[in-house]
1. Ignoring everything except DSSP H segments at least 4 long, calculate the 222 nm mean residue ellipticity for the chain; use -39,500 (n - 2.57) per segment, divide by total residues, nearest 500.
2. With 10 angstrom as the radius, rank S58, S107 by how many other C-beta atoms surround their C-beta, starting from the fewest.
3. Tell me which residues come under 5 Å, amide H to amide H, from Y210 once H is placed; ignore anything under 5 positions away on its chain.
4. Each residue of the range 470-483 in order: what ³J(HN,Hα) in whole Hz does its phi give by Karplus 6.51 cos²θ - 1.76 cosθ + 1.60, θ = phi - 60°, with x for Gly and Pro?
5. Using amide H atoms built 1.01 Å from N in the peptide plane, name the residues 5+ places from V160, or on other chains, whose amide H lies under 5 Å from its own.
6. Say each of E44 and A337 gets a label point 7 Å from the Cα, pointing the same way as Cα to Cβ; how far apart are those two points in nm?
7. Name the long-range amide H neighbours of I440: under 5 Å, sequence gap of 5 or more, or other chain; modelled H, no Pro or chain starts.
8. If you only keep lysine pairs separated by 8 or more in sequence, or across chains, how many in the chain come under 26 Å at the Cα atoms?
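We did not get these values from a lab; they are worked out from the coordinates using the rules stated. On a predicted model such as this, the values are computed, not experimentally measured, just so you know. No Cβ is skipped: glycine too gets one built from the backbone with ideal geometry, and neighbour counts run over all protein chains shown.
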Amino acid sequence: MTDSTPTQLTVAGATVPHLSDVLTPEAAAFVAALHRRFDPRRRELLQRRADRQLALDSGVRPNFPAGPAAGREADWQVAPTPADLLERRVEITGPVEAKMMINAFNSGASVFMADFEDANSPTWANVVAGQANLKAAVRRTLAFDSPDGKAYRLNDTIAVLMVRPRGWHLVERHVLVDGEPISASLFDFGLFFFHNAKELIARGSGPYFYLPKLESHLEARLWNDVFVAAQESLDIPRGTVRATVLIENILAAFEMDEILHELREHSAGLNAGRWDYLFSIIRKFRSTDLVLPDRGQVTMTVPFMRAYTELLVKTCHHRGAHAMGGMAAFIPSRKDAEVNERALAKVREDKLRESSDGFDGTWVAHPDLVGVAREVFDAVLGARLNQKERLREEVRVTADELLDFRVPGGQVTEQGVRHNINVGLQYLDNWLRGTGAAGIYNLMEDVATAEISRAQLWQWAHKGAILADGRRMGVELFRTLFDEELARLGGRSAGRLGDAADIMATLVESATFTEFLTLLAYDRLD
C-alpha cells in the first residue's frame, strides 16, 4: 500500500494520555493511507445498505444468492486455522479497559476478544487508552493498580487475543483525514495492526479480529482487501490476518457461504449473535406489521433463531471454519446463591444446546462463567480441539424458515415494556459517562442491549402492539411508562439520565426508525 499524498491527518480531539505513543507520525500515515484508499468503497457500501432497505420497504424478500458467482456448489475450504486458534472452547469478551482486560486474559478462557465496539464507550480517551492497553498487553507489560491498592498483572499463560474494531457505519470524529472524519473501522484496525502485527507474529500468534455488523459479502470483500493492503504495506505474509465474522444481521444470514468465501484466506469462522440479530430483524422489517414479543421470550430455541444457528454451524463446518456460539451475559452475585443457581442452570442449558448442535466454542462476559462453559464443552469435545468434522448434513434451512418470525405463545407485557425502558436508560447513562460494559440486574450489558430495547419500544409503539392485558401500545402509553421508569431511576438530574432520556425518547417517538442509536448519541460523548 503506497500513498504519496501528504498525511493531512488532524487530531480534532483533546490531548489525552498515551496519544503520542499511539498516534505516532508513522501510525498516522498508515491509517490515513488506509482511509484514503478504502473509505470511498465504505461509503458506497453504506449507500448499498440504504438501497437494500428501500427494496425491503417495498416488499422485496431476502433470499440466498443464486448463480455460479455465489460459489455455493463449489468445493472450497477456508485457509487452515492457525495453531493457537484451533481450540476456542470459551471466549471471553470485554472493553479495552486495563483492569477488565487483565481479568479477561487471566480468566482461563481460550480467547479474549478486546472490544472497541459494543462493549466500549468510544470517548476519545477510551479509544486512545484502549490502543495503548493492547500495545502493552501484546508485549506482556499491561498492568493496573487500583485505588484500593490491589495490583493487577498478566499471568504467564493468558488467553489468545482477538480485537473487534467498530463497524463500517461509524466514524472517529476526533481524527480527520483531508478534513473528513476517519472511518472508525479503519482507525481501530489500522492502529492495532500497525503497532502489534509483527510483535504478535514474533510471539507465535498473529493479528486476529472479530468483524461486526456486516450486512453482505461485499462488506466482507472490503475487509479482505484491507487485510491484503495492510499486510503488503508492512511486508507481512498474506493470510497472516485472521477474522471471525459476527453474523448479527438477518441479511448476512443469507450470505454466510459468500462471506466465508470472500475472507477464505483470512477467515477464522463465524459467530452467532442474539440481541443484535433480533435488532436487525426489527430494523430491516420496520415497514411490515412484524411485532416481536418481550425479548426475554425470544430465546435461541424459537424456530427462526434455531434455523439461523443450525445453518451457521453447517455452513462453517462445510467450509472448514469455526462456528462460535453466543453470549452468556450473567454476572454471578456475591450475595444471592439462589439467583446464581438459577442463572447458572440457564447458562449450562444454553451451552449444552450449543455444544450439542456442533458449535466449536462459545462466548461469556464474566470470568466466573468460564469454568461452567468450559466444563460443558470439555464434556462434548473431550481431547478434540473442535468439532468441525460434524458437518450437520441433515440440516436443511429455507429462506422461509429464516423469515418466519412467529414466536409460539409470545406476548408483549407491561413488564416487558418497563424492563426495556429501565435497562435502556441505565445503559445509556453508563455509556454517556464512558462505561461501555455495564452490569445491570446481574447481566453484563452493552450497546446491543440498548439497541434491542429501544427497537422493540419503537416497534410496539408504532405498530400498536396489543399488551397481554388487552391495552394497545402507542406513543402516549410509552411516554407514561417512560416517565415512571425515569423517576424510579432518580430522574433527569441523576448522572447522565437527562441526556439518556432525551436520546431514548427521540429514538422511540420518532415516526422514522433510526438505524443505530450510536449515530445519534455519539456527539454527546467527550
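1. Details: 18 runs with 239 residues, N = 526.
My calculation for the chain gives -14500 deg cm²/dmol from helical runs alone.
2. Numbers: S58 8, S107 22.
Going from least to most buried by this count: S58, S107.
3. Placed amide hydrogens put V163, R164, T244 under 5 Å from Y210.
4. Per-residue couplings from phi come out as x, 6, 8, 6, x, 4, 5, 5, 4, 4, 4, 5, 4, 4 Hz.
5. Counting only residues 5 or more places away or on other chains, the set is V111, F112.
6. Taking the two extended label points, one gets 6.3 nm.
7. Distant-sequence amide H within range of I440: E445.
8. Summing the qualifying lysine pairs gives 22.
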